[in-house]
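*Asks:* So that we are looking at the same thing, I have put the structure below in structure tokens.
The values are calculated or read from the model by the stated rules, or taken from the named source; none is laboratory data. What you are looking at is a predicted structure, and each value in this text was computed from that prediction instead of being measured. Cβ placement follows ideal geometry from the backbone for every residue including glycine, while neighbour counts extend to all protein chains displayed. Accessible surface is based on the protein model in full, side chains and every heavy atom, while ligands, DNA and RNA are left aside. Shrake-Rupley method; radii C 1.70, N 1.55, O 1.52, S 1.80 Å.
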Amino acid sequence: MHKSENPGDEKQDENLDKGFTVKEVASFIGETPNVIRNWFKELRQYIPHEKSDKGNGYNIYKREGIERFKEIQALHREQNWSMKQIEHYFATGGESFKPEPEKKAGEMIAEELKAMREELVALREENQEIKIHLENQENFNKA
């Protein structure tokens, strides 16, 4: 984070080093505490944190942790990445990947219809062959 001309921003920047609780981080980046807890639960190993020295068991997030939450927020909210995609991104040191686009229901139905039509054509051809064999057998039996 860079220092700003605004003195309020400079004070806020200094506060990032004191450490924040989940509720404070949530308020700071504009998310709910539950969202922050869920992100932390999913991506714990990639979010720098410390345990509170007050013995209350709270996780404390300093500058690096808050920056990581902002990064998660940008990837998840702005780029619509899933937690699995974000986890892969962090695990590979920032190597992103292009997810396979999910097929839409219409595309899936169209593919299924095409397969069914092909099968129907094959069955009709088989049926025709059976009719010919049956006619040949009847002609043979008459003779």
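*Asks:* Mind jotting down the three principal axis lengths of the stretch 33-143 based on Cα atoms? Whole angstrom, largest first.
*Replies:* Its Cα atoms span 104, 27, 24 Å along the three principal axes.
*Asks:* Still on this structure, I have one more. Summarise the accessible area of the stretch 29-72 (1.4 Å probe, protein heavy atoms) by the percent that is carbon and sulfur.
*Replies:* In the stretch 29-72, the share of accessible area belonging to carbon and sulfur is 45 percent.
*Asks:* Further, regarding this structure: Which lysines have a Cα less than 22 Å from the Cα of Lys104, not counting those fewer than 8 places away in the same chain?
*Replies:* Lys84, Lys114
*Asks:* Which order do peptides 61-68, 72-79 fall in by mean Cβ count within 10 Å, highest first?
*Replies:* Ranked from most to least packed, the peptides come out as 61-68, 72-79.
*Asks:* A further question on this structure: Can you send over the solvent-accessible area of His133, 1.4 Å probe, protein chains only, in Å² to the nearest 10?
*Replies:* Rounded to the nearest 10, the figure is 130 Å².
*Asks:* Using 0.36 nm per residue, how much length does the chain from Arg77 to Thr21 gain when fully extended, once their Cα-Cα distance is taken away?
*Replies:* Separation in residues times 0.36 nm, less the Cα-Cα distance, equals 18.0 nm.
*Asks:* How much FRET efficiency would the formula 1/(1 + (r/R0)^6) give for Glu107 and Lys84, where r is the Cβ-Cβ distance and R0 is 35 Å, rounded to 0.05? Intermediate results must be reported in sequence, preceding the final value.
*Replies:* Working: r = 23 Å, r/R0 = 0.65.
Once rounded, the FRET efficiency stands at 0.95.
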